[in-house]
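Working notes for the structure below.
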């Protein structure tokens, strides 16, 4: 190594000379003496391990609306108002959560889509996807594709112990650029955002990892490559303020989205929790057992550890629900489980079967909770209320003026469009929605009131909230 002494009054020249000399010195170092840094950072490792399980989702949905710009809602009666239709493209992301082809995304990505296609990162042809279940209130959807081989999937992590400042990685399909990876940190937890009028997503993760349109439905990962959230929204007027649905919210909702109890009006009675170990045994802990259900009758209880279903070990809570999903009424379900005991867990077996669960009478519940009568708009009812024809919609036929509905101004002839943001078009859909409501709950209604004025037909849109309350008799003790 040689040291040069250079005299100059030009500090810029001195600086440039030193840089050139040093650069030349580094370039002439033998290969074994150069610094050899590991370029494979934790973010790189997470991407390499998970990106094959992240998919792009495309499709189309048909939008029908009134041609009048001041009418916010679609005109549901074709003959009574001009409408136009247009095709809107679906673009988003998703994540494979089970090797048999189950994919999780946002409900707003696929809701009302007539055709959904999934593309993997290998550049192959798109694969048609079926919508298995949608939860609009949590902005979650589960899709299923016909997988010829076992698919790569991402393990579900946990979000209850997230740390502010923790490194996170987002992978998705922003603006159609498939398998784009960005990284950042957790900026905050427990955020509530209003995604549309009176429609809130609560308890979200806030991150500064860049998220753009098209990222919706993609995974938010921790540094171990576990999914801790599902990207869902951004703050449009800000930079690097994005939000993700916590993975614990997904886990809690899988029982409603995948279990036959919700999808096919069947009953088993098990609500499963996370993977746990008891006395050297690993399985899924039972969070709760429904009273009077087949599971309770066979002796299963909260805290028991389910080890196997039909002699197959369970890998995750999703695995349990998928194994149960296609079971039929009366078909045996063999459960091997461990019951905690003072001296150590006791291994037991039980054979369960699904039983049918009839829908409640929705119109009876409406009368009980809100003191009003509802009916489908049949030909007979349509004539009574001066409508030209029958239509698949519900109409209020009678209101107790002293009851809950009467106190907020609802009237006979009002048309019910939605209950708690869910469309109800007939008594079956009404029953399904009313089943989720208990006394004391606050219920959101969207209605339409149609009247004839000197200027023609007037459609008044009404949004109101009711408190489900059973009216007590004045003579009750």
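The values are calculated or read from the model by the stated rules, or taken from the named source; none is laboratory data. Computed from a predicted model, the values in this text were never measured in an experiment. Don't worry about glycine lacking a Cβ; one is built from the backbone with ideal geometry, like all the others, and counts go over all protein chains shown.
General observations
- Of all residues assigned to the stretch 270-288, at least one qualifies as being at positive phi, assigned to a loop (DSSP other than H, G, I, E, B), more than 21 Å from the chain's Cα centre (by Cα) and touching a residue at least 60 places away in the same chain (Cβ under 8 Å).
- Note on the stretch 203-224: residues that are at pLDDT 95 or above and touching a helix residue (DSSP H, G or I) at 6+ places or on another chain (Cβ under 6 Å) total 2.
- Yes/no for residue 213 being in contact with a strand residue (DSSP E or B) (Cβ under 9 Å, 6 or more places away or on another chain) and surrounded by fewer than 22 Cβ atoms within 10 Å (Cβ to Cβ): yes
- Hey, residue 228 under 26 Å from residue 259 (Cβ atoms), part of a strand (DSSP E or B) and outside the structural domain of residue 275 (by TED's automatic domain parsing) or not: yes
- In the set (1) modelled with pLDDT of 55 or more; (2) part of a loop (DSSP other than H, G, I, E, B), the condition left unmet by residue 76 is number (1).
- Condition met for residue 358 (surrounded by 15 or more Cβ atoms within 10 Å (Cβ to Cβ) and at pLDDT below 90): no
- Just one of the listed residues (387, 369) is part of a helix (DSSP H, G or I), assigned by TED's automatic domain parsing to the domain that holds residue 435 and in contact with a strand residue (DSSP E or B) (Cβ under 9 Å, 6 or more places away or on another chain), and it is 369.
- Enumeration of residues in the stretch 98-127 that are over 22 Å from residue 180 (Cα atoms) and out of contact with any helix residue (DSSP H, G or I) (no Cβ under 7 Å at 6 or more places or on another chain): 99, 111, 112, 113, 114, 115
- Flag for residue 393 being touching a residue at least 40 places away in the same chain (Cβ under 8 Å) and part of a strand (DSSP E or B): yes
- Test result for residue 299, outside any strand (DSSP E or B), assigned by TED's automatic domain parsing to the domain that holds residue 270 and over 23 Å from residue 251 (Cβ atoms): yes
- Some residue of the stretch 445-461 being at pLDDT 90 or above and assigned to a loop (DSSP other than H, G, I, E, B): no
- Counted residues, the stretch 396-424 - those being assigned to a loop (DSSP other than H, G, I, E, B) and more than 20 Å from residue 358 (Cβ to Cβ): 13
Rundown of residues vs (1) in contact with a strand residue (DSSP E or B) (Cβ under 8 Å, 6 or more places away or on another chain); (2) outside the structural domain of residue 335 (by TED's automatic domain parsing); (3) crowded, with 19+ Cβ neighbours inside 10 Å; (4) under 30 Å from residue 44 (Cβ atoms), yes/no style:
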| position | (1), (2), (3), (4) |
| --- | --- |
| 269 | yes, no, yes, no |
| 274 | yes, no, no, yes |
| 280 | no, no, no, no |
| 283 | yes, no, yes, no |
| 294 | yes, no, yes, no |
| 306 | yes, no, yes, no |
| 317 | yes, no, yes, yes |
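- Members of the stretch 319-330 that are farther than 23 Å from residue 99 by Cα and touching a strand residue (DSSP E or B) at 6+ places or on another chain (Cβ under 7 Å): 329
Here's the yes/no breakdown for (1) within 16 Å of residue 367 (Cα to Cα); (2) within 35 Å of the chain's Cα centre (by Cα):
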{"position": "395", "(1), (2)": "yes, yes"}
{"position": "404", "(1), (2)": "yes, yes"}
{"position": "452", "(1), (2)": "no, no"}
{"position": "460", "(1), (2)": "no, yes"}
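- Any chance residue 257 is assigned to a strand (DSSP E or B), modelled with pLDDT under 90 and under 23 Å from the mean Cα position of the chain (by Cα): no
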